[in-house]
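Trainee: Here it is: the structure, laid out below.
The values are calculated or read from the model by the stated rules, or taken from the named source; none is laboratory data. Please read these numbers as outputs of a predicted model, since none were measured by experiment. Please note: Cβ atoms are built from the backbone with ideal geometry, for glycine as well, and neighbour counts cover all protein chains shown. Quick note on the areas: whole protein, heavy atoms, side chains included, nothing else; ligands and nucleic acids left out. Shrake-Rupley method; radii C 1.70, N 1.55, O 1.52, S 1.80 Å.
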Amino acid sequence: QVQLVESGGGLVQAGASLRLSCAASGLTFPMYMMGWFRRAPGKEREFVAGISWTRGTTVYTDSKKGRFTISRDNAKNTVYLQMDSLKPEDTAVYYCAVKRGPDNTPLRYDYWGQGTQVTVSS
């Protein structure tokens, strides 16, 4: 059974940094991508960043590029999201997810964590 456990969320002031972690376990297949999504209050879930598990190729939504950095530790089956210069509009529940393989729906992921709350005060 695949489990994804996020950590590192919290309450910070605007301009601060946070580093989220997500450890994957129970994998019986090679991962294709790991990604981070977020859901802000009253809004739909949105893609934040993704990373290819083998090549380390990264992809971001344009608005996150430059402030957010995704990375991975293959040995630990862990993906990270470094978030700098946080803004109140970054307040959301952040979820990590695993994509098993390539398909025609790049933002469709197969396994999800429970999420970690990030709150940025002004």
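Trainee: Can you give the Kirkwood hydrodynamic radius for the range 1-106, in Å, rounded to one decimal and based on Cα pairs? Let's see the in-between values first.
Mentor: Details: mean 1/r = 0.0705 Å⁻¹.
One decimal place: 14.2 Å for the Kirkwood radius.
Trainee: Oh, and also: What longest range of the chain stays clear of loop-exposed trypsin sites (Lys or Arg not before Pro) (DSSP non-H/G/I/E/B, at most 13 other C-beta within 10 angstrom)? Don't skip to the answer; put the middle values down first.
Mentor: On the way: sites that count: 43, 55, 108.
Here the longest run is 56-107.
Trainee: Reachable lysines from residue 64, Cα under 19 Å, same-chain residues fewer than 8 places away excluded?
Mentor: List returned: 43, 87.
Trainee: So between residue 7 and residue 84, what do we pick up on full extension, going 0.36 nm a residue minus the alpha carbon distance?
Mentor: On the way: separation 77, 0.36 × 77 = 27.72 nm, distance 1.64 nm.
Gain on extension, residue 7 to residue 84, equals 26.1 nm.
Trainee: Take residue 19 and residue 73, extend 7 Å from each Cα along the Cα→Cβ direction, and tell me the distance between the two endpoints in nm.
Mentor: 0.9
Trainee: Could you report the range 1-98's accessible area per residue, 1.4 Å probe, as an integer in Å²?
Mentor: Numbers: 4990 Å² over 98 residues.
Per residue, the range 1-98 has 51 Å² of solvent-accessible surface.
Trainee: A further question follows. Restricting to Cα pairs below 8 Å that are 6+ residues apart, what does the relative contact order work out to for the chain? Please round to a whole percent. Please list the in-between numbers first.
Mentor: Working: 298 pairs, mean separation 43.3, N = 122.
Contact order relative to length: 35 percent.
Trainee: Select from 98, 122, 54 the residue farthest towards the positive end of the dipole of the chain; place +1 on Cβ of Lys and Arg, -1 on Cβ of Asp and Glu, and compute about the Cα centre.
Mentor: It is 54, whose Cα lies furthest towards the positive end.
Trainee: Need the C-alpha centroid separation for the range 79-122 versus the range 1-67, integer Å.
Mentor: 4
Trainee: Further, regarding this structure: Find how much the distance from residue 121 to residue 46 grows on full extension, using 0.36 nm per residue of separation minus their present alpha carbon separation; answer in nm with one decimal. Working shown, then result.
Mentor: Values: separation 75, 0.36 × 75 = 27.00 nm, distance 2.06 nm.
The residue 121-residue 46 span can extend by a further 24.9 nm.
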